[in-house]
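Notes for the one structure printed next.
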Amino acid sequence: MRILIILSSLFLMACSNQTEQKTEQAHTNDIKVQKINPLVASIQEAHQLDELRKKEIVSFDIKLTFRGNERLNARIYSTTNSSKVLVKNSENTRLLFDGNEIWIHPKDSLYEGARFDALTWSYFFMAPFKLNDPGTHHTQAEKMSYQNEDSLMSSKLTFGENIGDAPDDWYILYQNENSNLLEAMAYIVTFGGREQEKAAQNPHAISYSDYKKVEGIPFAHKWKFWNWSEKNGLEDQLGEATISNIQFTDDHSVFNKSKEAAPVPK
């Protein structure tokens, strides 16, 4: 989410202070190519993105059930730019995304879906703050079917090539018409090499509710998962999650990797 401008040190040494300032400004102007979709801009403003960027790490408890069965009970830590993620589940398994690879500890606790858990739930939590990340693309906002014959302003989010583990995923963003907060996202799952065309035959959606402010930043404390169709929007609830105990910290030691951790295969 932050763009690092790298200038040649030899060039800097040869220039005056005035030249340095002009050069830096020119580079800054050159890289402002990621235009913000108006709907996305209003969602990010409602979610206090600028305030979140002042924080370093956010953590939360999640209890997730699908079709009445517990799917995940864990505490999740994420840097606010999502460069590192830690999932500590109730069975003391640690899943660590270090920015490049995913690790699991104990190494004999590897399970199917570990990589999915390491990346997905923190993304759903951080979604309102990641909508304009590098590599994201949005369609023009328009009204779409939401639920029970209601419609909301929406925009389709897609990704550039090689963005994340599943660049062929797409999302339909829904905005709450009163608060401007993110109301829901429809999505497909191509994670694990699933073809986009096949994934699009079974789209789902997540809805966000019970927003509460933590240090002035609104977070949804209730998620629900649904089947989704372009014609009818959200229907037939599949699962739900309760989010609690949201906290901020600057203690990066939580992301220290155990020497006994094993890599999670792609």
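So who's got an amide H within less than 5 Å of the one on Val189, skipping anything under 5 residues away but keeping other chains? H placed 1.01 Å off N, in plane. Sorted by chain and number, the residues that satisfy this come to none at all.
Proximity of backbone amide H atoms, modeled 1.01 Å from N, is registered between Thr80 and Ile57, Val58 at under 5 Å, excluding neighbours fewer than 5 places apart on the same chain.
For the pair Asn232 and Asn81 in one chain, pulling the backbone fully straight at 0.36 nm per residue adds 51.0 nm over the alpha carbon distance. For region 88-131, with all protein chains present and a 1.4 Å probe, just round the carbon and sulfur fraction of the accessible area to a whole percent. Accessible surface attributable to carbon and sulfur in region 88-131 totals 47 percent. Legend: residue pairs Lys84/Lys107; Lys54/Lys257; Lys63/Lys84; Lys231/Lys266; Lys55/Lys213, Cα-Cα distance threshold 23 Å; pairs beyond threshold, Lys54/Lys257; Lys231/Lys266. Computing FRET efficiency as 1/(1 + (r/R0)^6) for Asp108 and Glu149, where r is the C-beta to C-beta distance and R0 is 35 Å, gives about 0.10. The simple spin-label model puts a point 7 Å past each Cα toward its Cβ; for Thr65 and Glu91 those points are separated by 1.9 nm. One decimal place: the segment Lys54-Lys212 gains 55.0 nm when fully extended, by the rule 0.36 nm per residue minus the C-alpha distance.
The alpha carbon centroids of region 89-153 and region 231-266 are separated by 8 Å.
The values are calculated or read from the model by the stated rules, or taken from the named source; none is laboratory data. It should be emphasised that the depicted structure is a prediction, and the values quoted were computed from it without experimental measurement. Because the Cβ atoms are built from the backbone with ideal geometry, glycine has one as well, and the counts that use them run over all protein chains shown. Surface areas here come from the heavy atoms of the whole protein model, side chains and all, with no ligands, DNA or RNA. Shrake-Rupley method; radii C 1.70, N 1.55, O 1.52, S 1.80 Å.
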